[in-house]
Amino acid sequence: MDTITIREAQRNDMPSIVDACRASTTEEEMVGFTAPEWGTFRDIKKLREIWTSGNRLKDDYEVIVSERGGQIVGFLVFKREQEFMYIDQVNIRKSEQGKGVGRSFVEHVERLAIESGLTRIETDTTENAQGVPWKSYDFWLKMGFRDTGERLKTKWDFKTIPFVKRLS
Ligand SMILES: CC(C)(COP(=O)(O)OP(=O)(O)OC[C@H]1O[C@@H](n2cnc3c(N)ncnc32)[C@H](O)[C@@H]1OP(=O)(O)O)[C@@H](O)C(=O)NCCC(=O)NCCS
């Protein structure tokens with residue numbers, strides 16, 4: 001099996017990124033866990049609107065992609081805040097899930113954070129109205145993130161669950 005490589009995304013990766021996003025989870029699975037207007041990475045027109053230059057999006061978010069055999073199998077969006085690194089989202093094609101791609105992404109972002117002198121990574125997921133967390137909850141715990149215990153209300157039915165990981 002080809003090894004996974006991670007690199008900065010480029011504008012012409014947009015179609016593959018949208019394709020990977022759509023192949024990572026179904027619309028039905030997302031009902032109750034996400035806002036309807038959060039579909040930016042599932043819609044190339046919306047993604048084009050926020051892509052600025054290089055691997056950058058509006059508000060200085062950055063995109064990296066993972067490839068196997070020259071094919072994009074997933075992408076991760078992060079932002080370097082002043083005091084911490086923020087992982088905004090990560091999506092791996094279903095056919096490639098459970099093979100270590102998510103872990104290699106998180107480890108890559110950890111290295112970037114350390115290189116930037118940051119000592120903390122933050123991310124979040126959601127829980128639905130029944131208090132059931134989105135299916136990536138255990139992935140974040142596995143990656144060494146701590147559930148802060150907060151449940152932040154949103155204007156929709158779901159709440160946000162913030163996670164934090166301290167880097168030593
Ligand atoms: C969540 C996601 C990014 C994880 O990536 P992945 O490549 O499948 O994960 P990995 O194979 O690197 O798994 C790393 C570890 O986490 C565990 N893990 C991964 N997903 C898990 C899950 N849903 N529940 C429990 N454990 C999980 C793996 O078993 C593995 O543990 P191990 O190293 O002890 O074997 C990926 O499944 C995905 O894209 N899901 C759909 C979109 C999504 O939920 N994104 C996150 C939004 S908050």
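Just so you know, all these numbers are worked out from the coordinates, no wet-lab data involved. From a predicted model like this one, the values you see are computed outputs, not experimental measurements. All Cβ positions, even for glycine, are placed from backbone atoms using ideal geometry, and neighbour counts span all protein chains on display.
Brief remarks on what is shown
- Judged by the mean number of other Cβ atoms found within 10 Å, the most tightly packed of the peptides 17-26, 41-50 leads the ranking 17-26, 41-50.
- In order through the range 111-128: 3J(HN,Hα) via Karplus (6.51 cos²θ - 1.76 cosθ + 1.60), integer Hz, x for Gly, Pro: 5, 4, 5, 4, 4, 8, x, 9, 10, 8, 10, 10, 8, 7, 9, 10, 10, 7
- Taken one residue at a time, the phi angles of the range 21-35 give Karplus couplings (6.51, -1.76, 1.60, θ = phi - 60°) of 5, 5, 8, 8, 6, 8, 4, 5, 4, 7, 4, x, 10, 8, 7 Hz. Gly and Pro are set to x.
- Length-normalised contact order for the chain - Cα pairs under 8 Å, 6+ apart - percent: 21 percent
- Listed peptides 64-76, 146-158, 97-109 appear in the order 64-76, 97-109, 146-158 once ranked by packing, highest mean of other Cβ atoms within 10 Å at the front.
- Where labels lie 7 Å past Cα in the beta-carbon direction, separation of THR154 and THR3 in nm: 3.7 nm
- Distance-filtered residues of the range 107-124 - backbone nitrogen under 12 Å, label point 7 angstrom along ARG146 Cα→Cβ: 121
- Residue order, fewest to most surrounding Cβ atoms within 10 angstrom, among THR123, THR3, THR160: THR3, THR160, THR123
- Its relative contact order, with pairs defined as Cα atoms under 8 Å and 6+ residues apart, puts the range 50-148 at 17 percent.
- Temperature 25 °C, viscosity 0.890 mPa s: under these conditions the Stokes-Einstein estimate for the chain, based on its Kirkwood radius over C-alpha pairs, is 149 µm² per second.
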